[in-house]
Amino acid sequence: MSRTLFGTDGVRGTANTYPMTVEMAMTLGAAVGRHFRNEHGGVHRVVIGKDTRLSGYMFENALTAGLTSTGMNVLLLGPVPTPAVGLLTPSMRADLGIMISASHNPAEDNGIKFFGPDGFKLSDAVEAEIEALVEGGVRPAAPENIGRAKRIDDGRFRYQERVKSTLPHGLRLDGVKVVVDCANGAAYKTAPEVLWELGADVIPVGVSPNGLNINAECGSTKPQRAAEAVVAHGADVGLCLDGDADRIILIDENGEIADGDQIMALMAARWAEEDRLKDGTLVATVMSNLGLERFLQDRGLRLERTKVGDRYVVEAMRTGGFNLGGEQSGHIVMTDYATTGDGLMAGLQFLCEMVRTNRAASELTHSFAPVPQLLKNVRYGAGGLPLEEARVQAAIAEAEASLTGKGRLLIRKSGTEPLIRVMAECEDEGLLAQVVDGIVAEVQAVA
């Protein structure tokens, strides 16, 4: 079965524009409710979390209406990080978990992510089955079987205690000065509270959400504000989360930014030393830098690559029995502790290493020298298929030929936005710019 409604991470788009409309949210709620009622007996429950977008209120209500119409009981968590939904779904014996968030996207966007009863994101096959129900229509429950909805007040605190429990027993962050940028998003209370409770001196940034400022010039995609705060306050490190707190970017004491590849390199090497890295393997996507792969190979470790999307990383980890993976963008997945990327949890692991080694952040965020990498995004119009144009394909073929033996090229269509992403890696930075700019120009010409 095909999937056209779902992208790489649930359903996403501009609020009040298809597919992110109230009508579609209610229909999706009914479809996913019917799917999971059919598969699981007994009491039927779903937990719903959200980030701080203004449109979250209407989607929360629309999903609740659809779900209760099929007999699902809805537990509303309010603003919580995405990984909290992954944790609380099995913890609360729910059949289903839903997160209302467009992650790092601007406030006018929103999205709906689904988690199965095991706390992991749904597979492509299950999403296709749900799409079939959306298209075919859903029979509602009998009047006496309509579900109920209620607010859950302690969901965030359950998650916070779980995050703290991932640190070694007795380890504290006393004396560590931390800037934490919560992107005016889902972790605006959670992250500062956890860090403070563990003893850190916390300088919070991006903790005043108003429904419209999530990810606005802050967070993991815009870390400059936090970098300035690290330097201005003389902080030891900065942690930058995105709107739903499932990814992290680090900032060292000098204000320098480190991406997910550097975090994964540090953790993989450390876990391998402790014989904790399953099968000596790290799972990452095709976007991760070639320098990371070389770093691992030098230590006898292996990098397994997947297509882009943290859920594909998780699928590969579960299939292969691996326990560490992630994305260059900052999703860090530790299946010993969580079912999806968790920015705060990854940040605590980094802080733990700072305390354990008594080394500065700048020493720990430069495990390898990245191969020069250039990524450019090209927006295209609705319904466009720029990658199928002959002139674009010819430009790609020419670029691949010029990079043979010198680097690599990756062209892909975004699964969450109408963008073509053009990325290349090459030691020759002049050639790097030439091939990327050449392809971008051809895509723009037909977009």
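Descriptive notes on the structure:
- Meets criteria (under 26 Å from Lys164 (Cα atoms), in contact with a strand residue (DSSP E or B) (Cβ under 6 Å, 6 or more places away or on another chain) and touching a residue at least 60 places away in the same chain (Cβ under 8 Å)) for Glu315: no
- Matching residues in the stretch 329-340 - criterion: being in a loop (DSSP other than H, G, I, E, B) and either among the hydroxyl-bearing types (Ser, Thr, Tyr) or out of contact with any Lys or Arg (no Cβ under 6 Å at 6 or more places or on another chain) (or both): Ser329, Thr335, Asp336, Tyr337, Ala338, Thr339, Thr340
- Residue match in the stretch 189-206 (condition: in contact (Cβ under 8 Å) with a residue 12 or more places away in the chain, closer than 27 Å to Arg45 by Cα and either charged (D, E, K, R) or assigned to a loop (DSSP other than H, G, I, E, B) (or both)): yes
- Of residues in the stretch 52-90 being of a type in the set (Gly, Ala, Ser) and within 21 Å of Ala15 (Cβ to Cβ), the one most open to solvent (accessible area, probe 1.4 Å): Ala65
- The sole residue among Thr68, Thr89, Thr52, Thr82 that is more than 24 Å from Ile214 (Cβ to Cβ) and not hydrophobic (A, V, I, L, M, F, W, C) is Thr68.
- Count - residues of the stretch 189-210 that are over 20 Å from the mean Cα position of the chain (by Cα), within 24 Å of Lys50 (Cβ to Cβ) and of a type in the set (Gly, Ala, Ser): 1
- Among the residues of the stretch 410-429, those that are more than 15 Å from Glu400 (Cα to Cα) and either touching a Phe, Trp or Tyr at 6+ places or on another chain (Cβ under 7 Å) or not acidic (Asp, Glu) (or both) comprise Lys413, Ser414, Gly415, Thr416, Pro418, Leu419, Ile420, Arg421.
- The one condition in (1) modelled with pLDDT of 95 or more; (2) over 24 Å from the mean Cα position of the chain (by Cα); (3) surrounded by fewer than 22 Cβ atoms within 10 Å (Cβ to Cβ) that Leu173 fails to fulfil: (3)
- Taking strands (runs of 3 or more DSSP E) as the structural unit, those lying wholly within the stretch 13-114 and holding at least 3 residues that are over 18 Å from the mean Cα position of the chain (by Cα) and either more than 20 Å from Asn184 (Cα to Cα) or of a type in the set (Lys, Arg) (or both) correspond to 45-50, 73-79.
- Selection count where residues are charged (D, E, K, R) and either surrounded by 22 or more Cβ atoms within 10 Å (Cβ to Cβ) or part of a helix (DSSP H, G or I) (or both), scope the stretch 286-305: 3
- Qualifying residue in the stretch 156-169 (condition: touching a Lys or Arg at 6+ places or on another chain (Cβ under 7 Å) and among the small types (Gly, Ala, Ser)): no
- Selected residue [surrounded by fewer than 22 Cβ atoms within 10 Å (Cβ to Cβ) and closer than 25 Å to Ile332 by Cβ] from Gly7, Gly49: Gly7
- Test: residue in the stretch 99-109 that is among the β-branched types (Val, Ile, Thr) and touching a residue at least 60 places away in the same chain (Cβ under 8 Å): no
- Residue count, the stretch 141-161 (criterion: open to solvent by less than 80 Å² (accessible area, probe 1.4 Å) and of a type outside the set (Gly, Ala, Ser)): 6
- Comparison of Val308, Val283 shows that the only residue that is surrounded by 16 or more Cβ atoms within 10 Å (Cβ to Cβ), touching a residue at least 12 places away in the same chain (Cβ under 8 Å), part of a strand (DSSP E or B) and touching a Ser or Thr at 6+ places or on another chain (Cβ under 8 Å) is Val283.
- Residues of the stretch 376-397 that are in contact (Cβ under 8 Å) with a residue 60 or more places away in the chain and not aromatic (Phe, Trp, Tyr): Lys376, Val378, Arg379, Gly381, Gly384, Pro386.
- Some residue of the stretch 238-254 being in contact with an Asp or Glu (Cβ under 9 Å, 6 or more places away or on another chain), more than 21 Å from Tyr188 (Cα to Cα) and assigned to a strand (DSSP E or B): no
- Where Asp174 falls short, out of the listed (1) charged (D, E, K, R); (2) under 24 Å from Leu63 (Cα atoms); (3) part of a loop (DSSP other than H, G, I, E, B): (2)
- Scanning the stretch 253-278 for residues that are in contact with a helix residue (DSSP H, G or I) (Cβ under 7 Å, 6 or more places away or on another chain), open to solvent by 10 Å² or more (accessible area, probe 1.4 Å) and either closer than 15 Å to Thr335 by Cα or hydrophobic (A, V, I, L, M, F, W, C) (or both) yields a total of 5.
The values are calculated or read from the model by the stated rules, or taken from the named source; none is laboratory data. No experiment lies behind these values; they were computed from the predicted model shown. Cβ atoms come from the backbone with ideal geometry, glycine included; neighbour counts cover every protein chain shown. Each accessible area value is taken on the protein alone, full model and side chains, heavy atoms only, with ligands, DNA and RNA left out. Shrake-Rupley method; radii C 1.70, N 1.55, O 1.52, S 1.80 Å.
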